[in-house]
Amino acid sequence: MKQLSLFDMMEERETNAPLASRLRPETLEEYAGQEHLVGKGKILRQLIERDQISSMIFWGPPGVGKTTLARIIAKQTKAEFVEFSAVSSGIREIKEVMTQAEQARRIGVRTLLFADEIHRFNKAQQDAFLPYVEKGSIILVGATTENPSFEINSALLSRCKVFLLKALEEKDIRKLLGYALKSPKGFGNMDILIGEDQLAVIARFANGDARTALNTLEMAVLNGTMDQEARLVVTDEILSECMNRRSLLYDKNGEEHYNLISALHKSMRNSDPDAAVYWMCRMLDGGEDPLYIARRLVRFASEDVGIADPQALQVAVSTYQACHFLGMPECDVNLTQAVVYLSMSPKSNALYRACEAAKEDIRKLPAEPVPLQICNAPTNLMKELHYGEGYVYAHSTEEKLTRMQCLPDSLAGKRYYQPTSEGKEKQVKERLEEILAWKRGEETK
């Protein structure tokens, strides 16, 4: 009997499409996850079964089945499925499809228009959907990984029901991987030797993303080796190579990007070095530019530490330089040093509060002229206009201080910088209190 090679087996499959495409569910019964929406008796399932679908937005991370669910809805409600892309579809293309959808509606055929990554459509493109959504010419289903409250026009959003799709649980992905190995549409016609513990590793690696899980399984199978019994063996080494970089739920331009940097920032602010190092490593593992993280540390050093530890800014800037010199992966320990240092530094947001308070006054109050006594007077004309008149050179006084007013009259006496008693800022606070007392003419020790 002829021993089949891997390529012979692959030819026996009906199609060479990617595994994730071949296994795309076609019914709600085949659909994995989102039980809170499409489980028995749940709201979206009831709307689908009662054929009461209206325009909606699917909001959730990549790989959780947004496109698949839209296709299932179209099939079950007998609607024409049209997929739109923000990259390739302009307003003219939108209007052409809408015209065809309106014509189809008049003969009793509904059109489900699926707008993938709807947050990438500009305002004009989103506005072009509005009249057709209002008339019912189309059922608009938009998919987005971004918060629709921020990324979708309020007029369009108000006409759509938002459904939150969650990352798949490991048990859902394990079930999906098992189906892929048994189904004729997957690897059911192949004798594959892969352990349950290996499937568990893939499920954990996928981090809730079914597409990542199936792509990883497919890559592992395609790189497997044949044993003497004509079985395709997936070894731990092969699996490790296929997962040489964790495919985390991470989009450098998306909401999760900001969630992770927020987690890092707040962990450091809360003096929790363990959490801070974890979130920093999560960002690096997801492919974040280490220089971006380093820049955020520079900001943190002034915003949340400030004068409480003046060395913090130097540490952060040095870390940025180290990351620039070394790059990944070596600079990860430099970032770890800075993250731990900043986490353990005394905290003060006095500089941040001073900056924000000053900016607020600048926004709200008229642009005040610079007091004449601190104006520059390089010409005779300026001197005749009293520029610089009354200026006292602080270094020429015994106290190295003057009682000159440096703020505009309307802001005289205003306090922006109010130091805390944290770390070295306590000394700054005591010094500032002495200066202010002296300027008021009070006795100081």
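The values are calculated or read from the model by the stated rules, or taken from the named source; none is laboratory data. Note that this is a predicted model, so its numbers are computed, not measured. Backbone-built Cβ (ideal geometry, glycine too); neighbour counts: all protein chains shown. Just so you know, the surface numbers come from the protein's heavy atoms only, side chains and all, with ligands and any DNA or RNA stripped out. Shrake-Rupley method; radii C 1.70, N 1.55, O 1.52, S 1.80 Å.
Within the range 84-101, one or more residues are assigned to a strand (DSSP E or B) and open to solvent by less than 40 Å² (accessible area, probe 1.4 Å). Under the condition of being assigned to a helix (DSSP H, G or I) and surrounded by 14 or more Cβ atoms within 10 Å (Cβ to Cβ), the residues counted in the range 415-434 number 6.
If you go through the range 358-381 one residue at a time, do you hit one that is assigned to a helix (DSSP H, G or I), in contact (Cβ under 8 Å) with a residue 24 or more places away in the chain, farther than 30 Å from Ser318 by Cβ and among the aliphatic types (A, V, I, L, M)? Yes, the conditions are met somewhere in the range 358-381. Scanning the range 130-150 for residues that are more than 16 Å from Leu112 (Cβ to Cβ) and modelled with pLDDT under 85 turns up Pro131, Glu134, Thr145, Glu146, Asn147, Ser149, Phe150. Selection of the range 127-149 for residues being more than 11 Å from Thr111 (Cβ to Cβ) and in a loop (DSSP other than H, G, I, E, B) yields Thr145, Glu146, Asn147. Applying the criterion of being in a helix (DSSP H, G or I) and at pLDDT 85 or above to the residues of the range 151-169, the residue that is surrounded by the most Cβ atoms within 10 Å (Cβ to Cβ) is Leu156.
Screening Asn189, Asn147 for residues that are closer than 30 Å to Ser240 by Cβ and either open to solvent by less than 60 Å² (accessible area, probe 1.4 Å) or in contact (Cβ under 8 Å) with a residue 12 or more places away in the chain (or both) leaves exactly one candidate, Asn189.
Are any of the residues in the range 31-44 part of a loop (DSSP other than H, G, I, E, B) and open to solvent by 60 Å² or more (accessible area, probe 1.4 Å)? Within the range 31-44, one or more residues are part of a loop (DSSP other than H, G, I, E, B) and open to solvent by 60 Å² or more (accessible area, probe 1.4 Å).
Pairs are defined by a Cβ separation below 8 Å, a sequence spacing of at least 6 or placement on different chains, a first member in the range 270-284 that is open to solvent by 50 Å² or more (accessible area, probe 1.4 Å), and a second member that is in a helix (DSSP H, G or I) and of a type in the set (D, E, K, R); the pairs so defined are Cys281/Asp332. Taking the criterion of being open to solvent by less than 20 Å² (accessible area, probe 1.4 Å), part of a loop (DSSP other than H, G, I, E, B) and either under 22 Å from Leu217 (Cβ atoms) or of a type in the set (A, V, I, L, M, F, W, C) (or both), would at least one residue in the range 45-52 satisfy it? Looking for residues that are open to solvent by less than 20 Å² (accessible area, probe 1.4 Å), part of a loop (DSSP other than H, G, I, E, B) and either under 22 Å from Leu217 (Cβ atoms) or of a type in the set (A, V, I, L, M, F, W, C) (or both), one finds none in the range 45-52, hence no.
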